[in-house]
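What follows is a short report on a single structure.
The values are calculated or read from the model by the stated rules, or taken from the named source; none is laboratory data. Predicted model only: the values in this text are computed from it and were never measured. Neighbour counts are summed over all protein chains in view; Cβ atoms, including those assigned to glycine, are modelled from backbone coordinates with ideal geometry. Surface accessibility is based on the protein's heavy atoms, side chains included, excluding ligands, DNA and RNA. Shrake-Rupley method; radii C 1.70, N 1.55, O 1.52, S 1.80 Å.
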Amino acid sequence: RAPRVTRGTSFTMSAMTTAAPAARLAANASRVTASSRTKRALAPRRVSRPFPSPDTIKGRNPVPLRAIGVEADAEADAEDLKAMLAATQTKVAAAAVGTSLADTAALLESLTKDPEAEAKALAKAEAKKAADDAAAIEAAKPPLTYWEKVPHPPSRPPVTVTFHISMETNFGDHLCIVGGHDLLGDWVPAKGVEMDWVKGNDWKVSVALPAHSLLQYKYVIRSGWADDGTCTWQGGPDGLIATGAAHSSQVIQDRWVHGNWQADNPNVAAIPAAVLAHQAVKTPEVWEFSNKANTSYLPDWANDAVFYQIFPLGYFGAPTVNDQKSAVVPRLKQIREHYKHFQELGIDAVYFSPLFESGTHGYDTFDYFEIDRRLGDVKLFKQIVKELHEIGIKVVLDGVFNHTGKGHFAFQDLMKNGASDSEFANWYHVGVRRWDHEGWCDAKTGSSFSYDCWEGHPVLPRLNLAEPAVRNHIFDIAKFWLEEVGVDGWRLDVAHEIEPDFWREFRRVCDSVDKDCLLVGELIHGNYNDWCGHDRLHTGTNYQLSHATWHSLNEHNYEYFYNSLRRENNLFKGLNLVNFLGNHDVKRIASNLDNPAHYTHAMVALLLMKGIPCLYYGDEFGMEGTPDDGTDEHSGGDDAMRRPMPDCSAPNTWPQIGVSRLALNKKLIKIRNDHPVFAQAGSQDMKNIKLVATEWPFEQITVVRETEDEVGVLVFNCADHEVNPWPEVQLPKGCIAKTGSKFVDLLAPTPETFLVNDGGKIYAGPCGPNSVKVLLFQKVKTKPPPLARKVPVIADPYSTPPTAPSGLGTATPVTPVANDPAYDPYATPPPAPKEVPAYDPYAAPPPAPAAAPAAAPALDDPYAAPPP
């Protein structure tokens with residue numbers, strides 16, 4: 001049956017591919033007549049297969065009928081259509097006379113094919129093949145290793161020069177060194193290399209410089225961290241250093257010179273003249289390396305993780321002293337009752353403070369390969385690690401590798417045999433005189449000895465990490481817990497008191513086991529860049545910002561917080577540090593704040609600003625504790641910050657305002673997880689952080705963070721009064737939130753919106769006393785395109801009408817078309833009607849319902865998780 005033909009479209013007729021049927025094509029054209037009155041031309045009906053031909057006689061299948069298309073304008077009348085069709089058919093018939101079947105087929109192919117369409121189809125096929133080939137090659141590639149994902153740092157210049165100087169400075173001031181080279185800031189103080197305070201008035205810094213160079217330099221005292229802040233330059237002539245051969249190191253001990261020496265002073269003029277003469281012979285070398293830039297790349301899982309610290313001995317209410325005789329008590333299994341709390345809170349990782357066998361508080365380790373008997377054993381903890389992984393929570397352990405307890409096997413041998421006879425004498429720092437070190441031991445045999453101990457505590461003898469046997473012992477510990485137990489990282493105690501080179505080796509050992517292992521150093525003092533970096537620790541604890549957060553609230557002065565952020569931005573811009581408000585060594589945040597209303601301010605800063613937030617257990621409820629409240633002599637009162645965890649299922653055991661504070665923290669973590677602008681993806685430029693006031697007191701601060709799709713604004717007011725006029729937030733240039741855009745306050749109990757005014761300004765008011773606003777703008781998502789209009793299909797008069805389904809009394813619903821007023825292009829389409837299979841008496845019967853599961857066998861493992 002030939003297809004129908006409509007005006008303005010291509011219409012076709014079937015043509016036989018043998019000579020005799022081809023001759024009939026012209027005659028068939030004359031039968032297209034009065035149907036023009038119905039606004040369509042129809043080709044006549046004809047037989048469905050050609051007459052017998054030589055090909056069919058030989059048993060071959062007949063060649064399919066060919067279609068001939070004719071293009072016509074919409075205004076063409078029936079006579080024009082008939083004429084065009086007849087001409088085309090006559091041409092085909094004439095060409096087919098006297099030709100073979102194969103020639104006729106080839107001719108028809110050449111007359112009916114569209115070269116442009118074929119070229120497009122060929123190009124599409126080639127593109128698909130290329131994409132498939134590329135996908136196959138990509139799939140065959142092995143997954144990238146950690147070092148392939150992390151860009152390698154630029155080469156370091158070969159000479160290390162350490163500068164020392166003594167100079168008294170005021171609070172808030174710091175020294176830096178600048179000079180006539182890019183590696184020394186090219187004479188710009190804000191680009192100079194910051195020096196590290198050592199003690200008293202002593203400062204030092206180590207910088208990398210090119211070999212065989214002659215360089216000028218000078219010391220500068222910078223007040224604060226603003227790029228245009230006040231600077232005090234050292235007087236006298238510039239310093240001059242001639243670097244030595246490659247791979248050498250030099251130490252410079254300088255003295256501060258006061259007073260301004262005039263440029264015509266021979267000593268002043270000689271320095272730049274010598275440098276210019278040197279550069280005329282040897283062009284200064286250019287390095288991509290920077291003495292300021294330092295970037296550390298964390299494992300992917302850690303970048304946006306929310307950590308939760310647990311001090312196990314306190315969390316589970318264990319005795320404060322381990323008598324080394326009692327049976328193992330599996331208190332660790334109590335944590336299973338808190339899994340639901342962890343998930344509802346929204347944390348991603350649990351950091352366990354010391355778990356290893358120890359004498360008292362956990363930091364006096366006796367055996368690094370055993371769990372403290374007051375908590376359980378390795379088998380139980382391994383099962384807990386597995387269970388935490390199953391609910392999407394990583395596990396990080398506390399590694400105390402700076403010192404041990406006196407019960408460690410190496411120190412036990414040392415005490416027994418004396419420093420002269422013990423094979424472990426080199427494992428610790430020992431001396432023969434009492435005044436050599438703070439600790440003293442009267443050995444049972446052999447020579448008595450003094451020993452170095454951490455911060456003067458005799459129960460914490462300090463390890464000698466330069467001894468290869470000690471290093472190998474610690475590396476074996478690290479590999480055991482990563483390989484055998486499956487933990488995901490280490491928090492490393494007093495990491496700033498251990499040389500960075502040790503952490504480089506420790507990093508290599510951990511990476512050899514698990515490239516996604518996270519290393520977090522406890523960093524309190526100094527420049528964190530010395531310990532964190534591409535080949536050292538991934539990150540460290542941000543003690544400096546922690547102190548600034550609560551101190552600025554108690555002082556009603558956000559300038560302290562602002563300057564700490566500016567310092568971090570200058571020194572640690574390439575680091576993603578671990579932020580916290582409380583831990584096992586410091587007051588709990590609820591006790592540290594003078595005004596309980598500032599708890600919200602502190603938590604918003606912790607959870608919605610740059611950094612990796614770490615909640616200390618119980619702080620989500622508002623637990624309190626200070627060292628003055630403690631009673632344990634072994635922990636110096638810190639047991640007050642290590643009390644047992646409240647029952648998560650019994651709110652009546654929580655602090656009075658625990659319910660509201662828990663709800664606040666759940667909400668803040670959800671905001672962080674739902675909106676990347678408040679996590680690591682969001683920018684945090686100092687130019688977008690503003691103190692609202694122009695003079696003291698600075699009780700309001702605003703923070704603007706951006707991504708490609710979101711803008712977040714934090715407005716803090718720590719004053720005890722309402723702010724009037726309202727705080728003004730200036731959005732950065734090029735911000736996606738334009739004039740008229742609406743921000744929503746995510747913390748408001750009822751929805752509040754704030755408009756962007758002319759000039760990109762938001763007036764964040766009313767701003768009540770001790771209030772915080774978390775404003776969010778999201779780019780409008782593009783709606784999906786409307787569904788294409790469905791053109792009704794004109795029925796073919798020659799087709800057989802469908803048979804109505806039997807047994808169905810209801811009509812099939814008709815899908816509305818686009819021009820129907822009730823049509824909704826975004827509505828969910830109705831479900832397709834289910835097909836009822838025909839009855840088959842020989843079909844297999846449906847399967848019987850599954851039997852109830854058999855009762856679980858008795859648990860042989862007392863530490864295994866109970867069945868659900």
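Key figures
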quantity: So Leu581, is it among the aliphatic types (A, V, I, L, M), in contact (Cβ under 8 Å) with a residue 24 or more places away in the chain and farther than 25 Å from Ile347 by Cα; calculated: no
quantity: Number of the exception - Asn717 against (1) surrounded by fewer than 16 Cβ atoms within 10 Å (Cβ to Cβ); (2) polar (S, T, N, Q); (3) farther than 30 Å from Ala302 by Cβ; calculated: (1)
quantity: Test: residue in the range 427-445 that is closer than 23 Å to Asp398 by Cβ and under 37 Å from the mean Cα position of the chain (by Cα); calculated: no
quantity: Meets criteria (under 19 Å from Arg567 (Cβ atoms), among the β-branched types (Val, Ile, Thr), open to solvent by 50 Å² or more (accessible area, probe 1.4 Å) and over 35 Å from the mean Cα position of the chain (by Cα)) for Thr230; calculated: yes
quantity: Selected residue (criterion: least open to solvent (accessible area, probe 1.4 Å)) from residues of the range 596-646 that are over 28 Å from Asp304 (Cβ atoms) and of a type in the set (Lys, Arg); calculated: Arg642
quantity: Selected residue [closer than 18 Å to Thr549 by Cβ, over 30 Å from the mean Cα position of the chain (by Cα) and assigned to a loop (DSSP other than H, G, I, E, B)] from Pro646, Pro697; calculated: Pro697
quantity: Subset of the range 649-693 (residues that are in a helix (DSSP H, G or I), over 30 Å from Trp225 (Cβ atoms) and touching a Pro at 6+ places or on another chain (Cβ under 7 Å)); calculated: Thr653, Gly658, Val659
quantity: Single residue of Thr365, Thr404 found to be touching a helix residue (DSSP H, G or I) at 6+ places or on another chain (Cβ under 7 Å) and closer than 28 Å to Gly317 by Cα; calculated: Thr404
quantity: Unique residue being crowded, with 17+ Cβ neighbours inside 10 Å and more than 21 Å from Ser166 (Cα to Cα) when the list is Leu276, Leu215; calculated: Leu215
quantity: Any hit, the range 238-247, residues being of a type outside the set (A, V, I, L, M), more than 45 Å from the chain's Cα centre (by Cα) and closer than 18 Å to His164 by Cβ; calculated: yes
quantity: Single residue of Val281, Val328 found to be open to solvent by 70 Å² or more (accessible area, probe 1.4 Å) and modelled with pLDDT of 90 or more; calculated: Val281
quantity: Matching residues in the range 449-470 - criterion: being touching an Asp or Glu at 6+ places or on another chain (Cβ under 8 Å) and surrounded by fewer than 17 Cβ atoms within 10 Å (Cβ to Cβ); calculated: Gly456, Pro458
quantity: Candidates Asp501, Asp535, Asp516, filtered to the one that is in a helix (DSSP H, G or I) and either open to solvent by 10 Å² or more (accessible area, probe 1.4 Å) or in contact (Cβ under 8 Å) with a residue 24 or more places away in the chain (or both); calculated: Asp501
quantity: Within the range 394-419, tally of residues that are closer than 22 Å to Leu518 by Cβ and open to solvent by less than 10 Å² (accessible area, probe 1.4 Å); calculated: 8
quantity: Single residue of Gln778, Gln700 found to be among the polar types (S, T, N, Q) and surrounded by fewer than 19 Cβ atoms within 10 Å (Cβ to Cβ); calculated: Gln778
quantity: The range 480-496 residues that are in contact (Cβ under 8 Å) with a residue 60 or more places away in the chain, paired with ones that are of a type in the set (Gly, Ala, Ser) and not in a strand (DSSP E or B) (beta carbon under 7 Å, 6 or more apart); calculated: Trp490/Ala478
quantity: In the range 274-330, residue nearest to Trp490 (Cα to Cα) [restricted to those that are assigned to a helix (DSSP H, G or I) and under 30 Å from the mean Cα position of the chain (by Cα)]; calculated: Ala302
quantity: Residue list for the range 346-393, filter: open to solvent by less than 30 Å² (accessible area, probe 1.4 Å), of a type in the set (D, E, K, R), in a loop (DSSP other than H, G, I, E, B) and farther than 19 Å from Phe480 by Cβ; calculated: Asp364, Arg374
quantity: Count of the range 693-734 residues which are touching a residue at least 60 places away in the same chain (Cβ under 8 Å) and aliphatic (A, V, I, L, M); calculated: 7
quantity: Among the residues listed as Gly418, Gly376, Gly431, Gly407, the single one being touching a His at 6+ places or on another chain (Cβ under 9 Å) and of a type in the set (Gly, Ala, Ser); calculated: Gly431
quantity: Test result for Met623, touching a residue at least 12 places away in the same chain (Cβ under 8 Å), assigned to a loop (DSSP other than H, G, I, E, B), more than 23 Å from Glu568 (Cβ to Cβ) and in contact with a Lys or Arg (Cβ under 8 Å, 6 or more places away or on another chain); calculated: yes
quantity: Residue check for Asp585: among the acidic types (Asp, Glu), open to solvent by 10 Å² or more (accessible area, probe 1.4 Å), out of contact with any Lys or Arg (no Cβ under 8 Å at 6 or more places or on another chain) and modelled with pLDDT of 95 or more; calculated: no
quantity: Check on Leu731, over 14 Å from His675 (Cβ atoms) and crowded, with 18+ Cβ neighbours inside 10 Å; calculated: yes
